[in-house]
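One structure is given below, encoded as structure tokens.
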Amino acid sequence: MSSLRTALLQSSGRPGDVAHNLRVLAGAAREAAATGAGLLVCPELFLTGYAIGADVHRLAETADGDSARAIGRIAAEHGLAVLYGYPERAPRQTGPDAVHNSAQLIGPDGTRLANYRKTHLFGSFEREWFTPGERAVVQADLAGVRIGVLICYDVEFPENVRAHALAGTDLLLVPTAQMHPFQFVAESVIPVRAFESQLYIAYVNRVGTEGEFEFVGLSCLAGPDGVVRTRAGRSEQLVQADVDTAFLTRSRADNPYLRDRRPELYGPLT
């Protein structure tokens, strides 16, 4: 059994300025590592900004691009894993490259552990600029904890979270760009998702105004008992809490949801 101190970086950085955002990330990694964190989680599209229109395609990078290598060096320097959101350029054999709304997990040695492409795009803005991913469950192991990744709107579909629970995810990382007036997702939905699927969820939001969007902050780490371990406010913050796998094991033993499922009844859902 192990405990993984997890730091949540609630920040929008500077939209359109990758170099600045890498500096913000490096500072947060330094601060998080100094207090014992083994994982730093950044928001959706933290590398570039969210509401940047056509610049999404201009600033998109491959999963092994310059920024990925820079973040690998940051992670290795401070000895902690980093999950960051970015627009991923995926070359195609024919036609223009696809661009995905992605999140990449870099290990504490600087190597890539996982890359996830958002499967449920939100609104006309995202559907205009991004291609949806096709893989529902992406996982990696970190310090004795099975990590899973979703992005923002994905977590609002209970099927997605339950799929992670059935695949053994212990800590679900959800970089997000949650906006007004949907703050009830951060306040209520996330703790319920953690409880009903018996896992931890780190939900890490942007903050402030970008274009037409007002991001509400309220980043949190919720446990399998539905209790929020740490909660940010409405400003830029770095907050931390522990993911306790021993507590998770006890909670799963006590909670019957996964044991009492009757999958044979659920066929009509799909």
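The figures follow:
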item: Summed residue charge, Cβ within 11 Å of Tyr266's Cβ, Lys/Arg positive, Asp/Glu negative; result: +1
item: FRET efficiency, 1/(1 + (r/R0)^6) with R0 35 Å, evaluated for Tyr257 and Glu212 via beta carbons; result: 0.35
item: Simple spin-label estimate for Arg135 and Glu31 in nanometres, 7 Å along Cα-Cβ; result: 3.3
item: Label of the coordinate-derived value, Cα extents along the principal axes in Å, listed as (i) 49, 47, 37; (ii) 92, 45, 31; (iii) 54, 44, 31; result: (i)
item: Neighbour-limited loop hits for GluC sites (Glu not before Pro), the stretch 182-270 (at most 15 other Cβ within 10 Å; DSSP other than H, G, I, E, B); result: Glu212
item: Local electrostatic count, Ser102, Cβ distance below 14 Å [Lys/Arg +1, Asp/Glu -1]; result: -3
item: Candidates Asp55, Asp225, Asp254: whichever shows maximal mean-square fluctuation once the chain is modelled as a Gaussian network with Cα springs under 10 Å; result: Asp254
item: The stretch 137-270 - accessible surface per residue (Å², probe 1.4 Å); result: 42
item: Carbon plus sulfur fraction of accessible area for the stretch 48-157, probe 1.4 Å, in percent; result: 47
item: Per residue accessible area in Å² of the stretch 1-131, where ligands, DNA and RNA are left out and the probe is 1.4 Å; result: 39
item: Residue-by-residue Karplus 3J(HN,Hα) for the stretch 18-27, coefficients 6.51, -1.76, 1.60, Hz, glycine and proline x; result: 4, 4, 4, 5, 5, 5, 4, 4, 4, x
item: Restricting the stretch 1-109 to trypsin sites (Lys or Arg not before Pro) in coil, as DSSP defines it, with at most 12 other Cβ within 10 Å; result: Arg92
item: Residue-count net charge about Gly72 - beta-carbon cut-off 10 Å; Lys, Arg +1, Asp, Glu -1; result: 0
item: Neighbour-limited loop hits for chymotrypsin sites (Phe, Trp or Tyr not before Pro), the stretch 115-145 (at most 11 other Cβ within 10 Å; DSSP other than H, G, I, E, B); result: none
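The values are calculated or read from the model by the stated rules, or taken from the named source; none is laboratory data. This structure is a prediction, so every number in the text was calculated from the model and none was measured. With ideal geometry, Cβ positions are generated from the backbone for all residues, glycine too; neighbour counts draw on all protein chains shown. Each accessible area value is taken on the protein alone, full model and side chains, heavy atoms only, with ligands, DNA and RNA left out. Shrake-Rupley method; radii C 1.70, N 1.55, O 1.52, S 1.80 Å.
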